Amino acid sequence: MEEKERRIFGISWNVFLLGIVSFLNDMSSEMIIPIMPSYLMEVLDAGKLLSGSVMGAIESMSSLFKVAFGYVSDRFKRRKAFVFAGYALSTLSKGALAFTRHWWDFLLLRAVDRVGKGVRTAPRDALIAESSEKGKTGKSFGFHRMMDTLGAVAGPLIAIGLIELLKDLPAETTYRHIFLLSAVPGAISLLVIILFVKDRGGEVKRKIKGISTLRSRNLQLFLAVVAIGALGRYSYAFTMWKAQELGYSVVQSMAFYALFNLIYALSAYPLGVISDGFGKKRLITLGFGVAALAAVAFAYARDLYTLMAAFVLYGIYIAIEDTIPRAYMADLAKEFEKGTVIGAYHTVFGVFVFPASVIAGWLWSSYSLAYAFIFAAAMNLVAMVLMAFVGE
């Protein structure tokens, strides 16, 4: 079909549009994400362990739904409806955060947002894979993650501007205004999905047949490694708490967070392109090593330069581990089950991300924040070693 063949920047038009959608949605999300740790602790009066657990629970919840909705989208071969529904839930829940009064209603709305992410992620990633040229999935996913993260660069900068603009208002009022305004780019992304994004699942045979990739020992081993690596994936909130522990303000810590997202955005696309030739397994292995270095740098950061190095390494690590495994799973999956297989990866990852942040929160509360990062470094080193046993 003409739309399938149309290309821009070397990728399909559909992948480009999904990149625009993710840019707008992540701009929306990242307007509020940097202020949530302070909002939790200062406005909603949640403690260290509770805050760490809440942030971990939020990041884990979405993954519990990903394999289910990936499977359903495989069965119906209709990705777009799930993508739209997921983004719609997230947009509504972010705006509603302006009206929260307790940590539990904050958690409820964030759970709705994460359910939205769970509904859309596997169908969207399957749609990206189906809209990609054969052998170029790394390039497509790299572009998508780059656009997603450019939104993550823009979001905190917009939030910083709004904080400065509203600086005469009480901090709580400022936070609530930002929550409301975050729904605007999310609403625009919904219009892009409705008007321009096209389904591709119908082009795949409807009949479900063949032996599932999920029965492969190699894939099962990779998912086990993913689980171990996820135990070392502390919430972004811990990096901001580290900056604040060193005496930086909320606005300054948001600037560090913007630096992390800029490094992520600049790295994701070239790393995706490189992975198509260099090998996705080798790049994933390298990513675990970079993750360990980042965690050690955060643990022992005492000055500006070490802290900046930690955020740079963190950006490169997340760019690898948020991009390449998706393309790796898309390559392994058979045509009839791309949503299911990609969803399985997201679900395993998400299930183990929650205890990672609970453990990190407990280590911070009981000992110090440095212990949380040291634990993360150890888990990533174990995952890096175990990757040697995973086949190409």
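Starting from residues that are in a helix (DSSP H, G or I) and without any contact (Cβ under 8 Å) to a residue 12 or more places away in the chain, keep the ones in region 105-148 and report whichever is nearest to the chain's Cα centre (by Cα).
First pass over region 105-148, keeping only residues in a helix (DSSP H, G or I): 105-130, 137-148.
Keeping just the survivors that are without any contact (Cβ under 8 Å) to a residue 12 or more places away in the chain gives 105, 108.
Numbers: D105: 23, L108: 19 Å.
Looking at residues that are in a helix (DSSP H, G or I) and without any contact (Cβ under 8 Å) to a residue 12 or more places away in the chain, I get L108.
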Notebook entry, point to check: Here are some residues: Y317, Y305, Y371. Which one is hydroxyl-bearing (S, T, Y), under 28 Å from A68 (Cα atoms) and modelled with pLDDT under 95?
Noted result: Y317
Item checked: Filter result for S365 (in contact with a Ser or Thr (Cβ under 8 Å, 6 or more places away or on another chain) and in contact (Cβ under 8 Å) with a residue 40 or more places away in the chain) -> no
Next item on the list: Residue by residue through region 102-117, note down the ones that are crowded, with 20+ Cβ neighbours inside 10 Å and modelled with pLDDT under 80.
Entry: L107
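Listed residues K117, K136, K198; which is within 24 Å of A327 (Cα to Cα) and in contact with a strand residue (DSSP E or B) (Cβ under 9 Å, 6 or more places away or on another chain)?
Going through K117, K136, K198 in turn, just one is within 24 Å of A327 (Cα to Cα) and in contact with a strand residue (DSSP E or B) (Cβ under 9 Å, 6 or more places away or on another chain): K136.
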Check: Which of the residues belonging to region 263-316 are surrounded by fewer than 17 Cβ atoms within 10 Å (Cβ to Cβ) and either in a loop (DSSP other than H, G, I, E, B) or among the polar types (S, T, N, Q) (or both)?
Finding: G279, R302, D303, T306
Notebook entry, point to check: Would you call R176 crowded, with 23+ Cβ neighbours inside 10 Å, of a type in the set (K, R) and part of a helix (DSSP H, G or I)?
Noted result: no
Next item on the list: State yes or no: is L92 modelled with pLDDT of 85 or more, touching a Gly at 6+ places or on another chain (Cβ under 9 Å) and surrounded by fewer than 24 Cβ atoms within 10 Å (Cβ to Cβ)?
Entry: yes
Notebook entry, point to check: For the subset of region 25-79 comprising residues that are outside any helix (DSSP H, G or I) and out of contact with any Ser or Thr (no Cβ under 6 Å at 6 or more places or on another chain), which member is modelled with the lowest pLDDT?
Noted result: S62
Next item on the list: Scan region 2-14 and report the pairs whose first residue is surrounded by 12 or more Cβ atoms within 10 Å (Cβ to Cβ) and whose second residue is at pLDDT 80 or above and assigned to a strand (DSSP E or B), with Cβ atoms within less than 9 Å and a gap of 6+ or a chain change.
Entry: E3/S12; K4/S12
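Taking the stated definitions as given, is G138 under 24 Å from L223 (Cα atoms), touching a Leu at 6+ places or on another chain (Cβ under 6 Å) and of a type outside the set (A, V, I, L, M, F, W, C)?
On the way: under 24 Å from L223 (Cα atoms): yes; touching a Leu at 6+ places or on another chain (Cβ under 6 Å): no; of a type outside the set (A, V, I, L, M, F, W, C): yes.
The answer is no for G138.
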Margin query: So V351 ticks every box in (1) under 30 Å from K136 (Cβ atoms); (2) within 18 Å of the chain's Cα centre (by Cα); (3) among the hydrophobic types (A, V, I, L, M, F, W, C); (4) surrounded by fewer than 24 Cβ atoms within 10 Å (Cβ to Cβ) but one. Which box is left unticked?
Written below: (1)
Note to self: With the requirement that a residue be within 30 Å of T174 (Cα to Cα) and among the hydroxyl-bearing types (S, T, Y), what does region 72-127 give you?
What the structure shows: Y87, S90, T91, S93, T100
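Against the condition modelled with pLDDT of 85 or more, of a type in the set (A, V, I, L, M) and crowded, with 23+ Cβ neighbours inside 10 Å, how does A85 come out, does it pass? Quick ask: steps written out before the conclusion?
Numbers: modelled with pLDDT of 85 or more: yes; of a type in the set (A, V, I, L, M): yes; crowded, with 23+ Cβ neighbours inside 10 Å: no.
Taking the combined requirement at face value, the residue does not satisfy it.
Looking at region 242-254, which of its residues are in a helix (DSSP H, G or I), more than 19 Å from the chain's Cα centre (by Cα) and among the hydrophobic types (A, V, I, L, M, F, W, C)?
Of the residues in region 242-254, the ones in a helix (DSSP H, G or I) are 242-245, 250-254.
Filter once more, so that each one left must be more than 19 Å from the chain's Cα centre (by Cα): 242-245, 250-253.
If the condition is that a residue be in a helix (DSSP H, G or I), more than 19 Å from the chain's Cα centre (by Cα) and among the hydrophobic types (A, V, I, L, M, F, W, C), then A243, V250, V251 are the ones that fit.
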Next item on the list: Output the residue which, of all residues in region 148-173 that are of a type outside the set (D, E) and surrounded by 24 or more Cβ atoms within 10 Å (Cβ to Cβ), is nearest to D331 (Cα to Cα).
Entry: T149
Item checked: Search result, residues across region 239-276 that are modelled with pLDDT under 85 and farther than 19 Å from A171 by Cα -> Y257, A258, N261
Note to self: Every residue in region 19-32 that is closer than 22 Å to S249 by Cα and either surrounded by fewer than 24 Cβ atoms within 10 Å (Cβ to Cβ) or among the acidic types (D, E) (or both), please.
What the structure shows: S29, E30
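The values are calculated or read from the model by the stated rules, or taken from the named source; none is laboratory data. What you are looking at is a predicted structure, and each value in this text was computed from that prediction instead of being measured. Quick reminder, even Gly has a Cβ in these numbers, built from the backbone with ideal geometry, and neighbours come from all protein chains shown.
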